[in-house]
1. How would you rank 248-258, 712-722, highest first, on the average number of other Cβ atoms within 10 Å across their residues?
2. Show the residues, 5+ positions off or on another chain, whose built amide H is closer than 5 Å to the amide H of VAL286.
3. Classify the range 484-578 from the C-alpha gyration tensor, please: rounded if a/c falls under 1.5, else prolate or oblate depending on whether a/b exceeds b/c.
4. Could you please put TYR50, TYR69, TYR154 in sequence from largest to smallest accessible area, using a 1.4 Å probe?
5. So if R0 is 41 Å, what FRET efficiency would ARG320 and SER507 give, r being the distance between their Cβ atoms, rounded to the nearest 0.05?
6. Rounded to whole Hz and in sequence order, give me ³J(HN,Hα) for the range 248-259 from the Karplus expression 6.51 cos²θ - 1.76 cosθ + 1.60, θ = phi - 60°, writing x for Gly and Pro.
7. On a 0 to 90° scale, report how tilted helix 348-376 is relative to the longest principal axis of the chain, with both axes built from alpha carbons and the result rounded to the nearest 10.
8. Round to a whole number: what % of the accessible area of the range 434-483 belongs to carbon and sulfur, probe 1.4 Å?
Amino acid sequence: MPTNLAELSLPIEGMTCASCVNRIERFLKRTPGVEEAVVNLATEVATIRYLPAEAGRAELVAAVEAAGYDVRPAPNVVAGSDSGAALAAAADVDATQRAAEARALLLRAAASIAVAVGIMALMAAPLGLAMEQLNWLAIVPATLIQAWAGGRFYRAAWRAARHGATNMDTLIAVGTSAAWGYSVVITVWPAVATSAGIEPAAYFDSSTIIIGFVLLGRWLEARAKSQAGSAIRALLALEPPIARRVTGAEERDVPLAEVAPGDLLRVRPGDRIPVDGVVVSGESAVDQSMLTGESMPVEVGPGNVVIGGTLNASGSFVLRATRVGRDTVLAQIVDLVQRAQGSKAPIQRLADRVSEVFVPVVLLAAAATFVVWLAVGPEPRLTLALTAFVAVLIIACPCAMGLATPTAIMVGTGRGAEAGILIRGGEALEAAHRLDTVVFDKTGTLTEGRPRVGDILPAPGFDAATLLALAASLEAHSEHPVGEAIVARSAADGASLGASTVTDFGSTAGRGVEGTVTTEAAGRRVLVGTAAFLDANGIDLAPIRAAIDGASRAGWAVAAIAINGRAAGVLTLRDSVKASARAAVAELRRAGVEVWLLTGDSRAVAESVAGEVGIPSDRIRADVLPAGKAAMINELRTKGRVVAMVGDGVNDAPALASADVGIAIGSGADVAIEAADVTLVGGDPREVAAAIRLSRATMRVVRQNLAWAFGYNVVLIPVAMGVLFPIAGVLLNPGLAAAAMAMSSVSVVVNSLRLRRVRLG
């Protein structure tokens, strides 16, 4: 697929079932320049990837209109929009429009049902009027409902018919028109019925109650879908509308859209952090739970990164803005969730294929039902034929089939986002539920990714405190993680030489540092690095050889130290295992998932970490380069395993791409959204098991929805056709058919909403 594609999301009006989805996708895909088009019935959004040189928004809108549908006039969300504020404004406008549409649906539904109940009461009341007179009393309100409340079905059906298509509105329009038209003929020309020996009974109550129940169902469906999309609104609500900018001694509130990278912003207790940035002064505790799922506030101070949208729990600080607008972590997360909710899972293809031919088949089945009843049915055969005809048209509901998968994906990905689990789309969500093997990279995944100093082992004639202080004085000039660990340990132990200076500092990449550390007492030449580094500088390692070998066997790295040309001692270092790593492995094993450890470190280091977290030694691969990691993933897949690779999204990119599901461990502000199928924002390895649990729960709901949607039609269409009539004398009332049809769609959405209660941690 070309890499220079643009992406556009268009909100669509007028879709009612999966056949609408398929038709719009076909028209979009045959538009020149369009590489991919996915239409989601639940979100009512078409997501198109296209070549800007060959197509533009006007051509894409024209394709939708040529299919017989409209694009909402509201601002649409375009990938790469300029700011989170614009995103939120578009969402507000869209929500307002949807709310107005829902109110109109409810009003028309209530009026239709009220008229239907009134007509039923009129027919049952002992008024002493003939049937013909009662029909005249009912014809006016029923006709008004047919034109006013039912007008939306006629408009949509006509629009589809003009383009040679049919949809759910076609079934409703034909069915209610048949009931209403028959009733009008009976009322206006009663002699026609009398001459044919037909009782002049009208179906005005059926036509109005059908319209009422269908509209009520769509209103309930709209409300349920609104709840399903609550994750997006909750994320957008995290962005504050204003920020407090610091300019010299002045502080002033400004609109968020005016904040630029480099601005200094004051964050007070209880404020939401406006943008991503780095703390330059002050200290506080930040609640990141709404983005990362981490329940405990994170302590921050100068130099720490903070994420826009998180909550400042206590203390006041000033940050320097680093990422604003569409570049913030929050904006990226919103964009990813929107993409995921608009995507399709492979399991949806079956429902799409069935729905594509469903409406024409139902029309033929209804016509055949009418003919059979009219030909061989008992008297009053015309009445029974019409009843069965209308019931078949109304009971058939491709809406439920169209909503079965996208609503579950919509709720499932939203629930994941609330817990800091970002799922790229329906395909990744579906693949994750089949996982039986998880391969963890070590550094930054099961471990903190930062070394810490363990034992300080001085050689004879040297003491530990001086050894640590000299090494820290030298390493303070280095930016290497090992140097940072040594400096941190020195500060924690209070090891200090007092006033000291470092001259002649030098660094050899990947090997060590050297320099002269001068105090009031004397100047000493110090080397800190690998054993090979000291050896290359002519240092005799014999005094510290036993310490080096012992640390290596135990899985610890070493920083060897030489002072004035003599081997002075060893600092042992190891990357700390995350506190939750052992629990993460245990949860996966309880879920029936095989866990492996894959690392570029030595076998001794790998076995030490694996032992701490509970991974068997026969499932360790050590001394593996990035290309070798991808090869191992492919080796497991060729054995029939469904494999997830869990890494940091950078060095592990080849392996992440090779796995069935690539899972990137994020670190709050450093969200590797483009690196994997799933991104765990909080960096907690337990979220791997939570992601699999969410995927399995979502696919369980999808299967339930599809079983219900298919089963509903398989069972009730024959009932509507009249298979029970010869056995029990039962013929489905069209009004009950309308109620059942409406509730089938609602039930699918409500069942999907159960995913909001899935426990993920």
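The values are calculated or read from the model by the stated rules, or taken from the named source; none is laboratory data. No experiment lies behind these values; they were computed from the predicted model shown. Don't worry about glycine lacking a Cβ; one is built from the backbone with ideal geometry, like all the others, and counts go over all protein chains shown. Only protein heavy atoms, including side chains, enter the accessible area calculation; ligands, DNA and RNA are left aside. Shrake-Rupley method; radii C 1.70, N 1.55, O 1.52, S 1.80 Å.
1. On the way: 248-258: 11.3, 712-722: 19.7.
With the highest mean Cβ count within 10 Å placed first, the list reads 712-722, 248-258.
2. Under 5 Å from the amide H of VAL286: VAL298, GLU299, VAL300, ALA313.
3. Numbers: a/c = 1.80, a/b = 1.24, b/c = 1.46.
In terms of gyration-tensor shape, oblate.
4. Numbers: TYR50 30, TYR69 5, TYR154 80 Å².
The most accessible residue leads, giving TYR154, TYR50, TYR69.
5. Details: r = 28 Å, r/R0 = 0.69.
My answer for the efficiency is 0.90.
6. Going residue by residue, I get x, 8, 9, 10, 9, 6, 9, x, 4, 4, 8, 6 Hz, with x marking Gly and Pro.
7. For 348-376 against the chain, the angle is about 10 degrees.
8. On the way: 1030 of 2020 Å².
That fraction is 51 percent.
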